[in-house]
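The values are calculated or read from the model by the stated rules, or taken from the named source; none is laboratory data. For clarity, every value in this text was computed on a predicted model and none was experimentally measured. Here the Cβ positions follow ideal geometry from the backbone for every residue, glycine too, while neighbour counts run over all protein chains shown.
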Amino acid sequence: MSATVITNIATLVTNDPSLRDPDPLGLVRDAAVVIEGDRVVWTGAASKAPATDNRVDAGGRAVLPGFVDSHSHLVFAGDRTEEFNARMSGRPYSAGGIRTTVAATRAASEAELEATLTRHLAEALRQGTTTFETKSGYGLTVEDEERALRLAARHTDEVTYLGAHVVAPEYADDPAGYVDLVTGAMLDACAPHARWIDVFCEKGAFDGDQARAILTAGRAKGLHPRIHANQLSYGPGVRLAVELDAASADHCTHLTDADVDALANSATVATLLPGAEFSTRAAWPDARRLLDAGVTVALSTDCNPGSSYTSSVPFCVALAVRDMGMTPDEAVWAATAGGAAALRRTDVGRLVPGAYADLVLLDAPSHVHLAYRPGVPLVTGVWRRGVREV
Ligand SMILES: [Zn+2]
């Protein structure tokens with residue numbers, strides 16, 4: 001197998017844990033990376049790089065690990081432009097919400113759903129995302145949830161069963177009956193296609209007791225928990241995530257001191273999704289408070305057609321730096337190694353020997369430009385599993 005060196009890198013973000021103290025990003029200046037097959041085999045100073053058959057000149061630009069987007073909802077159909085437009089225009093809009101997307105998704109063919117999924121994946125890849133998680137949750141029947149997960153599993157290993165997104169419209173008068181379905185026949189059909197189970201723990205969706213029952217049932221079928229927690233209001237979601245050793249509590253916008261303490265003393269990552277606050281004009285999650293308490297923080301897109309229709313991790317990095325108190329270094333770490341931690345992965349989100357050769361080349365000398373030059377398409381090269389895709 002022939003090796004390739006990518007050299008003349010002004011700033012290389014490795015996220016190498018052995019370089020973490022004092023620099024979480026494990027930065028190497030004037031660096032090179034050697035990849036062979038689908039893996040990184042060497043990183044270090046360009047002057048010390050081993051000889052290889054192939055050479056790519058990074059031209060004095062920055063290289064960082066491919067983004068790990070650990071929270072998205074990409075199996076959907078339909079469009080909610082009018083709902084967004086009304087919200088941003090201060091006009092009431094009575095229809096809309098998740099149920100609009102549920103109706104469109106149920107009505108779509110499998111080919112249509114997969115075409116939409118692959119279009120968004122290509123869009124994300126062009127912006128540097130090389131690993132992504134995605135969820136069901138717009139089917140809400142046994143057949144439609146199973147179909148969504150089966151489709152997603154063709155494109156990623158990080159597939160999440162979210163039958164408990166909202167109570168299906170058919171069960172509006174019988175939420176307990178819907179929880180029985182989600183923990184029974186729907187779980188049986190979905191578990192073979194998923195790695196994770198998720199629940200939207202929020203007023204109007206599922207309360208703490210329902211969420212505990214759903215996640216516990218999923219765990220008994222071999223799925224690991226993650227939770228949509230404390231997005232719209234204070235609630236039990238974060239503490240439940242810690243209690244169940246969920247890989248991630250996602251959103252974390254409304255947190256008590258007890259919630260922050262619980263996260264800080266756990267292996268549960270706080271995944272912040274600023275695209276949602278941007279798209280709903282809501283208050284930002286306080287990343288600074290979490291980081292100062294010692295919580296592990298991830299940044300992801302929450303890409304979905306209703307509340308956060310962006311596939312751009314760089315956009316989320318810029319928001320986190322501008323409005324959530326993160327330093328540029330912290331935001332870049334959260335969008336790479338943090339996302340990997342939220343998926344309990346050590347083979348992505350870092351550029352160290354043995355990790356997957358998932359790399360982003362920026363048209364900039366430093367990763368700081370992701371926040372310094374917001375909205376600018378800086379991603380100029382993407383390698384995934386050692387193959388140059390962009
Ligand atoms: Zn979500």
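What to note about this one:
- Condition check for Arg212: crowded, with 17+ Cβ neighbours inside 10 Å, within 28 Å of Val295 (Cα to Cα) and in contact with a Leu (Cβ under 7 Å, 6 or more places away or on another chain): yes
- Residues that are more than 16 Å from the ligand (Cβ to nearest atom) and either of a type in the set (Ser, Thr, Tyr) or assigned to a helix (DSSP H, G or I) (or both), drawn from the stretch 145-172: Glu146, Arg147, Arg150, Leu151, Ala153, Pro169, Glu170, Tyr171
- Among (1) part of a loop (DSSP other than H, G, I, E, B); (2) in the same structural domain as Ser366 (by TED's automatic domain parsing) - the single one Ala95 does not satisfy: (2)
- In the stretch 328-366, of all residues being part of a loop (DSSP other than H, G, I, E, B) and of a type in the set (Gly, Ala, Ser), the one that is surrounded by the most Cβ atoms within 10 Å (Cβ to Cβ) corresponds to Gly349.
- Hey, Thr101 crowded, with 22+ Cβ neighbours inside 10 Å and at pLDDT 95 or above or not: yes
- If the condition is being among the hydrophobic types (A, V, I, L, M, F, W, C) and in contact with a Cys (Cβ under 8 Å, 6 or more places away or on another chain), then the stretch 302-330 contributes no residue at all.
- Complete set of residues in the stretch 367-390 that are outside any loop (DSSP other than H, G, I, E, B), of a type in the set (A, V, I, L, M, F, W, C) and touching a strand residue (DSSP E or B) at 6+ places or on another chain (Cβ under 8 Å): Leu370, Val379, Val382, Trp383
- On inspection, Thr116 fails the criterion of being more than 16 Å from the ligand (Cβ to nearest atom), under 16 Å from the mean Cα position of the chain (by Cα) and touching a residue at least 40 places away in the same chain (Cβ under 8 Å).
- Checking each residue in the stretch 1-50 for being within 28 Å of the chain's Cα centre (by Cα) and hydroxyl-bearing (Ser, Thr, Tyr) picks out Thr11, Thr14, Ser18, Thr43.
Listed here are the residues, each with its yes/no results for (1) out of contact with any helix residue (DSSP H, G or I) (no Cβ under 8 Å at 6 or more places or on another chain); (2) part of a helix (DSSP H, G or I).
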{"position": "Ala77", "(1), (2)": "no, no"}
{"position": "Phe84", "(1), (2)": "no, yes"}
{"position": "Thr105", "(1), (2)": "no, yes"}
{"position": "Thr118", "(1), (2)": "yes, yes"}
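- Counted residues, the stretch 119-145 - those being among the hydrophobic types (A, V, I, L, M, F, W, C) and free of Cβ contacts under 8 Å to residues at least 24 places away in the same chain: 1
- For the stretch 367-387, taking the residues that are within 15 Å of Thr11 (Cα to Cα) and touching a helix residue (DSSP H, G or I) at 6+ places or on another chain (Cβ under 8 Å), the one that is surrounded by the fewest Cβ atoms within 10 Å (Cβ to Cβ) is identified as Val368.
- Of the helices (runs of 4 or more DSSP H) lying entirely inside the stretch 274-327, those carrying at least 3 residues that are of a type in the set (D, E, K, R) and either at negative phi or within 16 Å of the ligand (Cβ to nearest atom) (or both) are 287-292.
- Within the stretch 252-277, residues that are free of Cβ contacts under 8 Å to residues at least 60 places away in the same chain have Cβ atoms under 9 Å from residues that are within 16 Å of the ligand (Cβ to nearest atom) and basic (Lys, Arg) in these pairs: Thr268/Arg226, counting only partners at least 6 apart in sequence or on another chain.
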